[in-house]
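Accompanying notes for the structure given below.
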Amino acid sequence: QVHLVESGGGLVQVGQSLRLSCTMSGGTFRGYAVGWFRQGPGKEREYVAAISRLGGNTDYADSVKGRFTISRDNAKNTVYLQMSSLKPEDTAVYSCAAAQIYSTRRAAYNFWGQGTQVTVSS
């Protein structure tokens, strides 16, 4: 059974940076594309970024493009989300998810982590 664990969340100030990690166990990591999603207070869960199985393709939501970078280290079974120039509207629980196809659609993802809280204070 695939298991995902996020880490790296915390409280930061506007303009600062944070790096989230998502580590997989129980599956063949390079066999899965990975996406990051977030859910802010009182909001629906939304797509943030995705990376293909070998890392050759990446995609970002318009709201984070140019500020966030997704990457993966298949030797460490880990995907990273580097977040820069953080804004208060980035405050959310960030979750990673794994899918056997590269997709920006939430419905494509079969396995989900529990999430990590990111709070951006002004």
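The values are calculated or read from the model by the stated rules, or taken from the named source; none is laboratory data. None of these values were measured; they are calculated from a predicted model. Glycine also receives a Cβ, built like all others from the backbone with ideal geometry; neighbour counts cover every protein chain displayed. Surface areas here come from the heavy atoms of the whole protein model, side chains and all, with no ligands, DNA or RNA. Shrake-Rupley method; radii C 1.70, N 1.55, O 1.52, S 1.80 Å.
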TODO: Kindly state which strands (runs of 3 or more DSSP E) lie completely within region 1-74 and contain at least 3 residues that are open to solvent by 10 Å² or more (accessible area, probe 1.4 Å) and within 23 Å of SER122 (Cα to Cα).
DONE: 10-13
Open item on the list: Among (1) within 26 Å of SER121 (Cβ to Cβ); (2) open to solvent by 50 Å² or more (accessible area, probe 1.4 Å); (3) at pLDDT 95 or above; (4) in a loop (DSSP other than H, G, I, E, B), there is one condition GLN82 misses while meeting the rest; what is its number?
Closed with: (4)
TODO: Name the residue, out of THR91, THR104, that is of a type in the set (Ser, Thr, Tyr) and either open to solvent by 50 Å² or more (accessible area, probe 1.4 Å) or under 10 Å from the mean Cα position of the chain (by Cα) (or both).
DONE: THR104
Task: Conditions (1) out of contact with any Leu (no Cβ under 8 Å at 6 or more places or on another chain); (2) over 18 Å from ARG106 (Cβ atoms); (3) β-branched (Val, Ile, Thr); number of the one not met by VAL64 - done: (2)
Task: Given (1) part of a loop (DSSP other than H, G, I, E, B); (2) open to solvent by less than 60 Å² (accessible area, probe 1.4 Å), index of the condition CYS96 fails - done: (1)
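For residues that are part of a strand (DSSP E or B) and either modelled with pLDDT under 95 or acidic (Asp, Glu) (or both), tally how many sit in region 107-122. Before you say what the answer is, go through the steps one by one.
Let us first name the residues in region 107-122 that are part of a strand (DSSP E or B), namely 111-112, 116-121.
From what's left, either modelled with pLDDT under 95 or acidic (Asp, Glu) (or both): none.
Going through region 107-122 one residue at a time, the tally reaches 0.
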